[in-house]
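Worksheet for the structure shown next.
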Protein chains: 2
Amino acid sequence: MNKIEIALLGLGNVGKGVWHIFQNNKEEITRRSGYDIEITKILVNDISKERGIDIPVGVLTTDIEEILSNDNIKIVVELLGGVHPAKDYMLSAIENSKHVVTANKQVIALEGTELLDAARKNGVLLYYEGSVAGGIPILKGIEESLTANKIQEIVGIVNGTTNYILTKMSLENMDFDVALKQAQDKGFAEADPTSDVEAYDAVYKLAILTSLSFGINVDVKDIYREGISNISSLDIKYAKEFGYTIKLLAIAKENNGSLELRVHPTMIPIAHPLANVNDSFNAILIKGNAVGDLMFYGQGAGSLPTGSAVVSDIISILRNDMTLRSISTVENKAASKLILNQQAYKSQYYLRFSVKDMSGVLGEISSIWGKNNVSISSIIQKDEKQGIVTLIIVTHDAIEGDINKSVAEIEHLDSVYNIDNLIRVEKLN
Amino acid sequence: MNKIEIALLGLGNVGKGVWHIFQNNKEEITRRSGYDIEITKILVNDISKERGIDIPVGVLTTDIEEILSNDNIKIVVELLGGVHPAKDYMLSAIENSKHVVTANKQVIALEGTELLDAARKNGVLLYYEGSVAGGIPILKGIEESLTANKIQEIVGIVNGTTNYILTKMSLENMDFDVALKQAQDKGFAEADPTSDVEAYDAVYKLAILTSLSFGINVDVKDIYREGISNISSLDIKYAKEFGYTIKLLAIAKENNGSLELRVHPTMIPIAHPLANVNDSFNAILIKGNAVGDLMFYGQGAGSLPTGSAVVSDIISILRNDMTLRSISTVENKAASKLILNQQAYKSQYYLRFSVKDMSGVLGEISSIWGKNNVSISSIIQKDEKQGIVTLIIVTHDAIEGDINKSVAEIEHLDSVYNIDNLIRVEKLN
């Protein structure tokens, strides 16, 4: 049996998962990879820190050079997160002819093109299955199993924290703040939840999915982003009345040769498979022109699930005998696609208004919609309190630019106190 | 661009799908495979038959030797179905150093070991993604992406026909016969529906999934099989009262070092993701010791979805430069596992009885359960008609042998007219 040495950069949540998987599934990993794999170095900030796992003496190091300059180490597993110093370490490893595996969505979304180019030039592999949706093998699914298809659409629940919060709000009638607090207590949400709640995390993942599926390099700034902090219990309740549930969706969609790229809270029909993806689970729906609708569902984060993706990537590299060419965004590259401006998107829209309790309000609002080519699918008027009436409108398919124009005009009406919320509705047919 | 010739054996539903995918997605397939692929021969029974597609002159042939003896043909795609003559043709192709792709579950489930051995000896690849769950990339998922895991359990809805029938019975209150007729009219069910309805089809698929996941060669005779023809509207209705829905599940499960292998109608909680897999869709849930629960969902049959799997297999072979070793059941082989006898399975059970309307019946039945170590979770007694009372019992977890013993004793009670049905209940935790 050939021996092979690998190194981990970082020993946090995912790093520990990788370590445990090598301990617990040693026999399977050896049989399936064809190699006796040993983790001989792990880069950490503090060697003396108590970690609750038993690492042999000499494995932990604070010196990246002990890894980069060691010719026996053939694969470097980057689990530091963030762009710096992760990117520099990865580039150095690649230049030293080491294969690289990472679970770092940020560095792949922002610097993936450069890193993959470097890997190609140096004849090594860069795999990153763990960077999107944890243990769900969505990237390999796209790269290896959907190759017969033109991919037309990707719709994903790719952030476990926000899905946990929305599930609690929806199924247990919790308020946003309470649900967020619970997610933090359970370790699903960070102390600073901005990256999850405001959907930056989901944007990185959508950028990676889009690059692979549509063969283009995506600038994350081209992705429309809206988080879930504006979703109130009231919206969840009204969504139910219309037969919808609210999910934070990452969407990449062909639209007449252009691409829509957007991440926002979305109302979807309660009977749709994505509507039943609850708690911290992730799911990704892909539409291919041959395969039709395909959904992958599983744990999108966590020590062992993400570790599963990382270790499977290591095994894939070894199975490929380290000679297989790097399959990347660039090799899949299609004719460069125009990314559609948010104003040009078409969708249904749910709007919630606070208006004065007086006759003629509905007429004023309706005439503005009509003028801007927006037609109304349903209107619900809720009991007034102290002269304020809640008006809920769901439109038919409309252009986002027309919606925004209408909203700006409606905002200025004397009879309208406030536009409380706007949420997109997708039928997902 | 290197050109490569391939041949199809058979031009039925899936064969036409493969043809159409090569027409429609030519550019993607060329880019992703690195080859200009041409289908130069197609084996058919009757060249003059009207097929509604435009095949160039000289491509159709009734002579298998035109394919097997043609050294320019590098990949043979077997789409005949059944064991004979498919197996012989595949073996000959392999011996003539051709790679083989198939969507034929029967030949892989029954003759896969011999075929894969032959492929290995001849240094060619045999891929069969299309043989299980159509377009869903479940086999590659197991072989390539879950390699870091000990797989503990597979639970699948792998037959679209029966799932369509059960969905219609459940959501539209159709009777079995009506739903079957509708499935036949829509082309989901064969004129002779035995293979689907009596679960032979699902057994083949479970055998293939088990071989890959647990690394053993499965004899289909070792798989417990029960179809859906005994499921009545009444059972569907009572299942709902208990919060369950009925699905035909294919189950492979670790049980203390042994394996449970079984296909039968099963009650599962309505909130479980598998319970919401409707119509002819398929879904497969896999539990790995690192990744946790993972589900793949999609179209399990049909011309284009199965064609998608077949064409992706062809591309994988070409990407592997035809030199990658064949990854197969045998290479994944674990210590041979004992397959558990059906009598040793543990499950909850739903039983429906017709009993006499007299006092003491429940006591008699209960004492038999008690004597055989079966405890009762719930009992519902339904209105009597003409002296007959319907009694529905759901047990706690019990050994199937104990259930069978109890049922045999209960059947002989004077107060019991009939045991109308027995359906297993899985909580799928």
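For B:Ile136, indicate whether it is within 14 Å of chain A (Cβ to nearest Cβ) and at pLDDT 95 or above. Let's see the steps before the verdict.
On the way: within 14 Å of chain A (Cβ to nearest Cβ): yes; at pLDDT 95 or above: yes.
Against the criterion (within 14 Å of chain A (Cβ to nearest Cβ) and at pLDDT 95 or above), B:Ile136 qualifies.
Take A:Ile42 and decide whether it is within 30 Å of A:Thr113 (Cα to Cα), buried (at least 18 other Cβ atoms within 10 Å of the Cβ), under 30 Å from the mean Cα position of the chain (by Cα) and among the β-branched types (Val, Ile, Thr). Break it down into steps so the answer makes sense when it comes.
On the way: within 30 Å of A:Thr113 (Cα to Cα): yes; buried (at least 18 other Cβ atoms within 10 Å of the Cβ): yes; under 30 Å from the mean Cα position of the chain (by Cα): yes; among the β-branched types (Val, Ile, Thr): yes.
Spelling it out, A:Ile42 is indeed within 30 Å of A:Thr113 (Cα to Cα), buried (at least 18 other Cβ atoms within 10 Å of the Cβ), under 30 Å from the mean Cα position of the chain (by Cα) and among the β-branched types (Val, Ile, Thr).
Please determine whether any residue of segment B:41-63 is closer than 28 Å to B:Gly82 by Cα, within 14 Å of chain A (Cβ to nearest Cβ) and modelled with pLDDT of 95 or more.
No, that holds for no residue.
Give the residues of segment A:220-230 that are more than 12 Å from A:Arg262 (Cα to Cα) and within 15 Å of the chain's Cα centre (by Cα), sorted by residue number. I'd like the intermediate steps shown before the answer.
Let us first name the residues in segment A:220-230 that are more than 12 Å from A:Arg262 (Cα to Cα), namely A:228-230.
The one that is more than 12 Å from A:Arg262 (Cα to Cα) and within 15 Å of the chain's Cα centre (by Cα): A:Ile228.
Specify which of the listed residues (A:Lys247, A:Lys240) is more than 30 Å from B:Lys26 (Cβ to Cβ), away from every other protein chain (no Cβ under 11 Å) and part of a strand (DSSP E or B). Show your work before the answer.
Working: A:Lys240 fails: part of a strand (DSSP E or B).
After ruling out the rest, the residue left standing is A:Lys247.
Evaluate the following for B:Gly243: is it of a type outside the set (D, E, K, R) and more than 18 Å from the chain's Cα centre (by Cα)?
Details: of a type outside the set (D, E, K, R): yes; more than 18 Å from the chain's Cα centre (by Cα): yes.
Spelling it out, B:Gly243 is indeed of a type outside the set (D, E, K, R) and more than 18 Å from the chain's Cα centre (by Cα).
Just a yes or no: is a residue in segment A:371-378 assigned to a strand (DSSP E or B) and without any contact (Cβ under 8 Å) to a residue 40 or more places away in the chain?
From segment A:371-378, those assigned to a strand (DSSP E or B) are A:376-378; that's our starting set.
Going one step further and asking which of them are without any contact (Cβ under 8 Å) to a residue 40 or more places away in the chain, we end up with A:376-377.
Within segment A:371-378, one or more residues are assigned to a strand (DSSP E or B) and without any contact (Cβ under 8 Å) to a residue 40 or more places away in the chain.
Quick one: A:Glu111 ticks every box in (1) of a type in the set (Asp, Glu); (2) away from chain B (no Cβ under 14 Å); (3) without any contact (Cβ under 8 Å) to a residue 24 or more places away in the chain except a single one, so which number is it?
The single condition A:Glu111 does not satisfy is (3).
For segment A:340-367, what are the residues that are among the aliphatic types (A, V, I, L, M) and either modelled with pLDDT of 80 or more or surrounded by fewer than 20 Cβ atoms within 10 Å (Cβ to Cβ) (or both)? Steps first, please.
Filtering segment A:340-367 down to residues among the aliphatic types (A, V, I, L, M) leaves A:340, A:344, A:351, A:355, A:358, A:361-362, A:365.
Those that are among the aliphatic types (A, V, I, L, M) and either modelled with pLDDT of 80 or more or surrounded by fewer than 20 Cβ atoms within 10 Å (Cβ to Cβ) (or both): A:Ala344, A:Leu351, A:Val355, A:Met358, A:Val361, A:Leu362, A:Ile365.
Take A:Lys221 and tell me if it is away from chain B (no Cβ under 14 Å) and either part of a strand (DSSP E or B) or not charged (D, E, K, R) (or both).
Numbers: away from chain B (no Cβ under 14 Å): yes; either part of a strand (DSSP E or B) or not charged (D, E, K, R) (or both): no.
No; evaluated as a whole, the condition is false for this residue.
Looking at A:Lys181, A:Lys205 in this structure, which one is farther than 18 Å from A:Gly302 by Cα, at pLDDT 90 or above and not in a loop (DSSP other than H, G, I, E, B)?
On the way: A:Lys205 fails: farther than 18 Å from A:Gly302 by Cα.
Exactly one residue qualifies, and that residue is A:Lys181.
Are there any pairs, at least 6 apart or on different chains, whose C-beta atoms fall under 9 Å, with the first in segment B:1-20 and touching a residue at least 60 places away in the same chain (Cβ under 8 Å) and the second among the acidic types (Asp, Glu), and if so, which?
Short answer, once both residue conditions are applied: B:Ile4/B:Asp36; B:Ile4/B:Glu38; B:Glu5/B:Glu38; B:Ile6/B:Glu38; B:Ala7/B:Glu66; B:Leu8/B:Glu78; B:Leu9/B:Glu78; B:Gly10/B:Glu78.
Which one of B:Asn96, B:Asn72, B:Asn122, B:Asn104 is more than 14 Å from chain A (Cβ to nearest Cβ), in contact with a strand residue (DSSP E or B) (Cβ under 7 Å, 6 or more places away or on another chain) and farther than 30 Å from A:Leu285 by Cβ? Can you show your working first?
Working: B:Asn96 fails: in contact with a strand residue (DSSP E or B) (Cβ under 7 Å, 6 or more places away or on another chain); B:Asn122 fails: in contact with a strand residue (DSSP E or B) (Cβ under 7 Å, 6 or more places away or on another chain); B:Asn104 fails: farther than 30 Å from A:Leu285 by Cβ.
Only one candidate qualifies: B:Asn72.
Against the definition (within 19 Å of A:Val124 (Cβ to Cβ) and either within 14 Å of chain B (Cβ to nearest Cβ) or in contact with an Asp or Glu (Cβ under 7 Å, 6 or more places away or on another chain) (or both)), how does A:Val77 come out, yes or no?
Criteria met by A:Val77.
Filtering segment A:275-299 down to residues that are within 10 Å of another protein chain (Cβ to nearest Cβ) and not in a strand (DSSP E or B), which residue is farthest from the chain's Cα centre (by Cα)?
Looking at residues that are within 10 Å of another protein chain (Cβ to nearest Cβ) and not in a strand (DSSP E or B), I get A:Ala290.
Confirm whether A:Glu27 is among the charged types (D, E, K, R), on the phi < 0 side of the Ramachandran plot and at pLDDT below 95. Show your work before the answer.
Values: among the charged types (D, E, K, R): yes; on the phi < 0 side of the Ramachandran plot: yes; at pLDDT below 95: yes.
Yes; evaluated as a whole, the condition is true for this residue.
Please state which one of B:Lys105, B:Lys140, B:Lys87 is within 22 Å of the chain's Cα centre (by Cα) and within 18 Å of B:Asn13 (Cβ to Cβ).
B:Lys105
Is it true that B:Ile223 is under 20 Å from B:Gln152 (Cα atoms), touching a helix residue (DSSP H, G or I) at 6+ places or on another chain (Cβ under 7 Å) and β-branched (Val, Ile, Thr)? Break it down into steps so the answer makes sense when it comes.
On the way: under 20 Å from B:Gln152 (Cα atoms): yes; touching a helix residue (DSSP H, G or I) at 6+ places or on another chain (Cβ under 7 Å): yes; β-branched (Val, Ile, Thr): yes.
Yes.
Among the residues of segment A:303-312, which ones are among the small types (Gly, Ala, Ser) and at the interface with chain B (Cβ under 8 Å from one of its Cβ atoms)?
The initial filter retains those residues of segment A:303-312 that are among the small types (Gly, Ala, Ser), namely A:303, A:307-309, A:312.
Passing the criteria: A:Gly307, A:Ser308, A:Ala309, A:Ser312.
Could you please tell me which pairs satisfy a Cβ distance under 7 Å, a separation of 6+ or placement on different chains, a first residue in segment A:401-429 that is over 30 Å from A:Gly156 (Cα atoms), and a second residue that is assigned to a loop (DSSP other than H, G, I, E, B)?
The qualifying pairs are A:Ser415/A:Met358.
Tell me, which residue of segment A:195-227 that is farther than 21 Å from A:Leu146 by Cβ and of a type in the set (Gly, Ala, Ser) is surrounded by the most Cβ atoms within 10 Å (Cβ to Cβ)? Break it down into steps so the answer makes sense when it comes.
Filtering segment A:195-227 for residues farther than 21 Å from A:Leu146 by Cβ gives A:195-204, A:219-227.
Cutting the leftovers down to of a type in the set (Gly, Ala, Ser) gives us A:195, A:199, A:202, A:227.
Values: A:Ser195: 18, A:Ala199: 29, A:Ala202: 26, A:Gly227: 22.
This residue is A:Ala199.
Here is a list: A:Leu180, A:Leu206. Which entry is away from chain B (no Cβ under 13 Å) and under 30 Å from B:Leu304 (Cα atoms)? Working first, answer last.
Working: A:Leu180 fails: under 30 Å from B:Leu304 (Cα atoms).
Testing whether each residue is away from chain B (no Cβ under 13 Å) and under 30 Å from B:Leu304 (Cα atoms) leaves just A:Leu206.
Check B:Met174, B:Met169 and return the single one that is closer than 29 Å to B:Arg352 by Cβ and crowded, with 21+ Cβ neighbours inside 10 Å.
On the way: B:Met174 fails: crowded, with 21+ Cβ neighbours inside 10 Å.
Only one candidate qualifies: B:Met169.
Among the residues of segment A:17-34 satisfying the criterion of being in contact with a Leu (Cβ under 8 Å, 6 or more places away or on another chain) and crowded, with 20+ Cβ neighbours inside 10 Å, which is nearest to the other protein chains (Cβ to nearest Cβ)?
Filtering first and then ranking leaves A:Ile21.
The values are calculated or read from the model by the stated rules, or taken from the named source; none is laboratory data. Remember, it's a predicted structure, so these values are computed and weren't measured experimentally. Cβ coordinates were reconstructed from backbone atoms using ideal geometry, including for glycine residues, and neighbour counts include every protein chain displayed.
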